[in-house]
1. What relative contact order, as a whole-number percentage, does the range 1-107 give when Cα pairs under 8 Å and 6 or more residues apart are counted?
2. Which of Glu36, Glu123, Glu133 ends up with the largest GNM mean-square fluctuation for the chain, with Cα atoms connected below 10 Å?
3. Compute the Kirkwood hydrodynamic radius of the range 132-203, taking the inverse of the mean of 1/r over all pairs of distinct Cα atoms, and give it in Å to one decimal.
4. Could you tell me, in Å, what Rg and Dmax come out for the Cα atoms of the range 1-125?
5. Please list 3J(HN,Hα) in residue order for the range 61-71, calculated via the Karplus relation 6.51 cos²θ - 1.76 cosθ + 1.60 where θ = phi - 60°; whole Hz, with x for glycine and proline.
6. 5 Å is the cut-off here: which amide hydrogens, built 1.01 Å from N in the peptide plane, fall below it relative to Gly129, excluding neighbours closer than 5 in sequence?
7. Would you tell me the accessible area of Thr17, worked out with a 1.4 angstrom probe on the heavy atoms of the protein chains, in Å² to the nearest 10?
8. Taking the full set of protein chains and a 1.4 angstrom probe, give the accessible area of Met222 in square angstrom, rounded to the nearest 10.
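The values are calculated or read from the model by the stated rules, or taken from the named source; none is laboratory data. Computed from a predicted model, the values in this text were never measured in an experiment. No Cβ is skipped: glycine too gets one built from the backbone with ideal geometry, and neighbour counts run over all protein chains shown. With ligands, DNA and RNA removed, areas are computed over all heavy atoms of the protein, side chains included. Shrake-Rupley method; radii C 1.70, N 1.55, O 1.52, S 1.80 Å.
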Amino acid sequence: MPERTPLLAANWKMHKTVAEAAQFVDALLPRIAATEHDVVICPSFLALREVVERSRGSAVRVAAQNMHEAEEGAFTGEVSATMLVEAEVDAVILGHSERRQLFGETDEALARKVPAALAADLEPILCVGETEEARDGGQTEAVLERQLRADLAGVEPTRLAEVTIAYEPVWAIGTGRTATPEQAQEAIAFIRDVLREAGAEADRARIIYGGSVKPGNAAELMAQEDIDGALVGGASLDPADFAAIVEAAG
Ligand code: PEP
C-alpha cells in the first residue's frame, strides 16, 4: 500500500488580520521544524501572501478557503485559480459546509471547481459531510456518496487521488462535539471505497477528518487506519495548539 503523508490543515475562516497571521507563522515554525507532515495554513485571501512569504523554506504550504471555477470574468468578489497560483498558493478548500450552508455553494459549482483547481495545479481539499439529521436518519453513507459522486464528476479517474477529501460531519464543526474515532474511521473507509469504485487509486488518496479536533483528541483520531490527517478550525487559531495537533499525527 502506498505511504500517505499526513496532512494537517489550519482553516482560519474569517479570523486573523495580516499582522496576526505573521505573528502566528513566526510562532508556529519553530514548533514544527522537525515535522515530516504536510502542514497547510488556510488564511483569508488578504493574508495569503504574508503566509507564503513568511513560511518559505518550511513544511508549511498555503491554501485558500474558496475559489471561483472560471479563469476570469464578471464575478464580483471572486478569485480564480490562476490568481491563487500567481500568489504561490498550493491548495484550496472547496465545499466547506459553511460555504454550502451560508453562501449557497452547490454540488454543481463544485463539479466545476474541483477540475478547475486540478487544471491549475492547485490541490483541492474537498469537504463532504452529513448533517445531524442525516446521521440520525441513517443517511450518512448516502449523503457522502451523493456529494462525492456529484462534486468529483468532472475529474478523470486517474486524477481522483490528487484530491484530498476532508470528511467533516456538519454536527461536529465548531460545536465541540467530535466524531468518535470509530465513527470517523467508518465514514472515511466508506469514502475510500466510493473513490475506489469511481476508478481512483484509492490507497493513494488522502482523506482527513475535520470537526472539533483539538490537541486532546487528535492522536486517537489520527491513529485510525484510514484517517490521514485533520482539517482544524477553532484549535488552529493558536500556534501552540495547532503545533500539538501536528505532533499528534505521529
Ligand atoms: C472546520 O472549520 O473545518 C472545522 C472543522 O472547524 P472546528 O475544528 O472548529 O470544528
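1. 23 percent.
2. Per the Cα network of the chain with a 10 Å cutoff, Glu133 tops the list.
3. On the way: mean 1/r = 0.0770 Å⁻¹.
One over the average 1/r among Cα pairs gives 13.0 Å for the range 132-203.
4. 14.7, 46
5. 10, 10, 10, 7, 9, 5, 7, 8, 7, 7, 5
6. Glu168
7. Spelled out: Thr17, probe radius 1.4 Å, area about 70 Å².
8. 30
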